[in-house]
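Data block below; observations after.
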Amino acid sequence: MSLCTRTRRENRERLPRFFVPSCLRGCLSSIRAAGVPGIPRPPRVHSAHAPGGRAPPPAKGAVMNWHLLAVDLQEGFAPHIHGWDDLRSRAVTMIDAARELGIPITATEQNPEKLGATVPDVKAALGEAPVRSKLAFSCLRVPDVLARVRAAVPVNLLILGIETHVCILQTALDALARPPGEIRPYVLVDAVGSRRPLDRDTALRRLERAGAVLTTVESAIFEALEEAGTPRFRRVLPLVR
């Protein structure tokens with residue numbers, strides 16, 4: 001037996017039984033996708049939203065409603081949240097703007113008997129907006145909160161508060177799990193926080209991959225305004241200057 005023949009035979013014997021030449025792999029993938037009998041299809045990923053898990057944008061010309069959710073800005077949390085002073089300031093700005101724009105506001109408190117009430121300046125900004133106590137981490141698992149958010153759908157749900165990796169995360173994920181286009185979560189990155197920056201940053205990355213809209217207070221305000229020169233624009237402008 002020649003050296004070349006022996007080498008080819010040894011190479012064939014070393015190949016695993018499931019080896020498929022690279023030139024055929026693309027063909028097999030196409031066959032599987034087409035559903036040819038006897039060849040299983042690849043698993044299909046089901047999502048309530050667009051490919052990649054992202055919520056579909058509203059149709060062009062669609063009228064979008066807005067709702068602001070202020071999550072657990074409580075006295076028991078405040079001293080422990082990284083960057084609390086800036087967070088609180090941005091939260092108050094967003095709440096003030098929402099009131100000027102006529103955007104409905106709902107606030108929550110996590111186990112207020114143990115974690116205290118909403119901090120005074122946020123409470124003052126909320127005015128007559130309802131504050132709902134909860135034990136669930138996701139605000140949308142509180143029936144009254146969900147009912148208020150769903151009162152006018154489709155809705156862009158502005159979310160601010162604490163903590164990003166717990167209640168903010170679970171609320172936004174629950175919003176994304178709703179029927180497509182019903183609730184589109186907007187997480188206000190300069191008005192959410194956690195005790196540890198790593199927890200906050202990791203949660204925001206996860207939310208972005210899941211399809212939540214990451215934005216800032218000022219950007220959200222201008223998006224809700226849509227145009228300059230109107231009476232409401234002039235009322236809100238001092239808040240963002």
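A few remarks follow.
- Filter result for V131 (of a type outside the set (D, E) and touching a residue at least 40 places away in the same chain (Cβ under 8 Å)): no
- Taken over region 116-141, the criterion of being under 19 Å from the mean Cα position of the chain (by Cα) and buried (at least 19 other Cβ atoms within 10 Å of the Cβ) is satisfied by S138, C139, L140.
- Leading residue by the ranking (nearest to the chain's Cα centre (by Cα)) among those in region 142-151 that are closer than 30 Å to R235 by Cβ and not in a helix (DSSP H, G or I): R150
- Single unsatisfied condition, E109 versus (1) part of a helix (DSSP H, G or I); (2) closer than 20 Å to F77 by Cα: (1)
- All positions within region 185-241 that are in a loop (DSSP other than H, G, I, E, B) and in contact (Cβ under 8 Å) with a residue 12 or more places away in the chain: S194, R195, R196, G211, A212, T216
- Filter result for P40 (modelled with pLDDT under 95, assigned to a loop (DSSP other than H, G, I, E, B) and more than 19 Å from R184 (Cα to Cα)): yes
- Taking the criterion of being buried (at least 19 other Cβ atoms within 10 Å of the Cβ) and within 24 Å of R241 (Cα to Cα), the residues of region 74-92 that qualify are L87, R88, R90, A91, V92.
The values are calculated or read from the model by the stated rules, or taken from the named source; none is laboratory data. Nothing here was measured: the structure is a model prediction, and the numbers come from that model. Glycine also receives a Cβ, built like all others from the backbone with ideal geometry; neighbour counts cover every protein chain displayed.
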